[in-house]
Amino acid sequence: MLEITGLTKRYGNGTVALSDFTLSLGEGVLGLLGPNGAGKTTLMSIVATVLRPTTGTVRWRGVDALGDPLAIRRELGYLPQDFGVYDKLTAVELLRYFGRLKGLAGKELKVAVDEMIDLVNLRPAANRRLGGFSGGMRQRVGIAQALLGDPKLLIVDEPTVGLDPEERVRFRNLLSELGHGRTVILSTHIVSDVEAIAERIAVIRQGRLVRCATPEELLAHAVGRVWRAVVPAERLGEVQRAVAVSNLTRRADGVHVRFVAPAGEPAVAGAAAVEPTLEDAYLLTNVEAAA
Amino acid sequence: MSALAVTAASAGARGQTWRAMIAQVGAETRSRLRSPSTILTVLALFAASFAYVPPPDAKRASIMWEVAGRTYSGTYTAGFIGAVVALLTSMLLPLVGFYLVTGSVRRDLERRVWPIIAATRTSATSYLLGKWLASFAYLLVLAALALLPAIYLFLRYGTGPLALGQLLMPWLLLAPAAMAFTAAFALLFDVTPGLRGRGGYVLWFFVFSFLFMMIPAGVSGRLDQDPKNDRSTTYDPAGLVFFHDLIARSVTEPVHSISLGLIILDEPVPRVPFAPLRVDGELLLRRAATFGWTALPLLAAICMFRLTAGRGARAPRQRSWWRRAPAAATADWQAPAGASAVAFRPHHGAPSFARSVLAEGMLLWQSASWIKWPMLAASAASLVVPGSGVTAPIAIFLLLLAPVIGEAAAREELAGTGATVFAQPGLPRSRVAWKVAAVLGFVLLAAAPVLLRSLLRDGGHGLAMLLGLLFTATAAAGLGWLTGGGKLFLGAYTALWYVAIQRDSPLDFAGIGERASLLTCAAFAAVGVVSVILAAAVEKAREARG
């Protein structure tokens, strides 16, 4: 459904945010993982047609989205990482505004907005001005505007930022369900969010696609490359220089260090292989890419 | 803790406050100096200096005084050129500079920077003092640049020795107080609800006239043109009284009137020696006292900020009690049952240009402040006010229209909604076209009664008003898009409006007065259209750049 081919984005100051990025997506949830500045937001802005690439193409259902942005916009729901709201409007007024821009009108618009207000649990604050909203409430308004109009392509950049744990789980489940019959691109730093709902994970680093695989494939690749060792506190620095540490826990018997070693058996005394988590697998992919 | 330790700690805190303020001044001045508005302002200041000091034998002059029925101006000595450039700086920069420096507190509040600053050791007072100092320093730097044309103009047209003291001293006496005053009022407007934003930008034009001209002239007895009533004053932010006194010392007979505007003449004005500036203790004291008046708006700003800055932390107020949502509707959201896809109610959106224009037009109305109500009342009143009295509601409508539409074209940039809005399917490829259509549609709808009344006056007035509304809408959209804000449009439009409503004004852009010149109105409409074409070109260039 969505074909991204050879996408490169070079900004005016010479920064290359994306470099020959190619990816093909069908229905389901794609988790986009990568360190800060990896190019995730640039990629999503280009797919959402708010930014033009230097080279490359984006095709949605076979139509060139860069030549005909409306083709993608008609079916798009987009939640950017940093989005503003009009403080003087109420949540309902803002959603109605976006609804009109999506072509809804009359009773249909009212029904769709009401549906979204209930969906994101904002009914008690629906007629309050957005200027008084907390960060989490604003985020829910952002989610509502993205879902308005039943989008077939949903692009969400860090959607769970600012949400309380309960709302985060709710939204995660909602995204998971939305993946049926739709294409969802989810960018986040929270690996557990991706693990819970993504059917495929794309790891992006320095503007390049490092790996695109299912969570199971990533985990399978990490088997035998994740280790745990107990080291004296005074040796911790030395260990940190030698291996990529994914977790540290200080205990009475020393520091419990969990780390990845791409080449297999590491040179840390007493290290034992452990079952990898997706976080380990992500770290391993990054370490391998950096190497 | 010992007494010594307490002293050291508080001294450290004071040092920290000063360091924080200096850091704030440095950061804000640097970022403002890098703004394109600064370059535009400096260019405008240079152009104004050259226009204000024409060649001495030119058939135009800027500073003239009438004595015994004859009009004179000064010979271009270092003292005269220095005084003229200083006066120009202290009159022009406060008007324009206000728009350059106001809005930074509003931005901090809207973008939630203030809570971060409030969580540091910086107090609200030092935060505001830092803001004021930053604005003052920036304006003073701009004002200092006006000295460059002063030196050039003296070298080009000057007579007598290049007395640097005479050339620079008027600036040193006038500019600091004028800039300090402007910075303080910009801050006061910035922290006062109702004044921060578009309404305040329009109001400043009138407040400026009162603060910098009417009040000093009134309290010093210079308004009645009777020298017997003249008295010294410690309130003279633009230096009008200071300049008047310099002229009075240059002539032997009483000065009947002084003209400060640039006037076209039939023949060159006779030029007479201008009294050299004598700086004495009393003059220095008066200028220092004028500077001291800055404390009033500054203090008011600090008090107002304490009252309003914490509002964001309070529970958000209900928009209207009669629209309160029912308490029963608070049931927790549940994902639709079943493992299948989420089923939204089916709807058939038909995004189109017309619907997106309608959405934007409605947003214009919703996001306008209380000003929209008197604007609408003025529009309606234009239908019922009889005779030539109709010019009053028409003029009021045109003035109040500006803040309602002034920021429409830059709304997404100001609120940070660009990514979400511009990804919507109803928008055409050209966002400029979308904005122009929405603003024009809104203006024509709001101005329908005004337009109808103008048509009833006579066909010429109707057409003139249509052209005027076209100018207003296109200039708001074009300039708003080009500048990424509404300040330039609001400042320039308000100044133009003020000139246009004068009797038989040659700049009546909408046929407000009795004698409407269609040619003038058409010229203004063309200017508006050109600003839109420029905006579209910039949009295309940005798009090409990606």
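Laboratory data are not the source of any read-out in this text; all were calculated from the coordinates shown. Bear in mind that the values here come from a model prediction, so they are computed numbers and not experimental data. All Cβ positions, even for glycine, are placed from backbone atoms using ideal geometry, and neighbour counts span all protein chains on display.
Listing for the model above:
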item: Net charge over other residues, Cβ less than 12 angstrom from the Cβ of B:VAL251 (K, R count +1; D, E count -1); result: -1
item: Peptide-level mean, for A:122-133, of C-beta atoms on other protein chains within 10 Å; result: 5
item: Calculated P(r) of the stretch A:64-223 - Cα pairs past 18 Å, %; result: 62
item: MRE, 222 nm, helices only [DSSP H, n ≥ 4, -39500 (n - 2.57), over chain A, to nearest 500]; result: -10000 deg cm²/dmol
item: Reach of A:LYS107 by Cα under 14 Å, taken over aspartates and glutamates that are not fewer than 8 positions away in the same chain; result: A:GLU115
item: Within the protein assembly as shown: Cβ-based charge dipole about Cα centre, in debye rounded to nearest 20 (Lys, Arg +1; Asp, Glu -1); result: 640
item: Kirkwood estimate for chain A, i.e. one over the average of 1/r between Cα atoms, Å; result: 20.8
item: Contour minus Cα-Cα distance for A:TYR11 and A:ALA267 (0.36 nm per residue); result: 87.9 nm
item: Counted charge near A:LYS102, where neighbours are those whose Cβ lies closer than 13 Å (Asp, Glu -1; Lys, Arg +1); result: +3
item: Kirkwood Rh and Cα Rg combined as Rg over Rh, evaluated for the protein assembly as shown; result: 1.05
item: 5 angstrom amide H check on A:VAL210, placed H, neighbours 5+ away; result: A:VAL203, A:ILE204, A:ARG205
item: For chain A, share of DSSP beta bridges that run antiparallel, in % to the nearest 5; result: 65
item: Packing-based exposure ordering (other Cβ within 10 Å, fewest first) of B:TYR498, A:TYR282; result: B:TYR498, A:TYR282
item: Listed peptides B:462-474, B:95-107, A:204-216 by packing density, highest first (mean Cβ within 10 Å); result: B:462-474, B:95-107, A:204-216
item: DSSP-defined beta bridges in the protein assembly as shown - what % are antiparallel, rounded to 5; result: 70
item: Globularity ratio of the stretch B:395-546, using Cα Rg and 2.2 N^0.38 Å; result: 1.07
item: Fraction of beta bridges assigned by DSSP in the stretch A:136-233 that are antiparallel (%, nearest 5); result: 50
item: Qualifying lysines (Cα of each under 16 Å from Cα of B:LYS540; at least 8 residues distant if same chain); result: B:LYS435
item: Enclosed volume per residue, in Å³, of the convex hull spanned by Cα atoms of the stretch A:47-153; result: 102
item: Reduced Cα scattering model of the stretch A:175-278, Debye log10 I(q)/I(0), q = 0.23 Å⁻¹; result: -1.20
item: Nearest-ten-degree value, helix B:391-405 long axis tilted from longest Cα axis of chain B; result: 60
item: Shielding score for B:354-364, defined as the mean number of other chain Cβ atoms within 10 Å; result: 4
item: Violating pairs (Cα-Cα greater than 30 angstrom) within the set B:LYS59/B:LYS228; A:LYS88/A:LYS110; A:LYS40/A:LYS152; A:LYS9/A:LYS88; A:LYS40/A:LYS102; A:LYS9/B:LYS131; result: B:LYS59/B:LYS228; A:LYS9/A:LYS88; A:LYS9/B:LYS131
item: Under 10 Å, Cβ to Cβ, from B:PHE422 - net charge with Lys/Arg +1 and Asp/Glu -1; result: +1
item: Residues A:ASP64, B:ASP508, A:ASP253, sorted so that the one with the fewest Cβ neighbours within 10 Å comes first; result: A:ASP253, A:ASP64, B:ASP508
item: R0 of 60 Å, Cβ-Cβ distance B:GLU66-A:GLU234: FRET efficiency to nearest 0.05; result: 0.10
item: Residue-averaged beta-carbon neighbours from other chains (10 angstrom radius) around A:48-56; result: 3
item: Listed residues B:LEU262, B:PRO227, B:GLY130: farthest to the positive end of the dipole of chain B (Cβ charges); result: B:GLY130
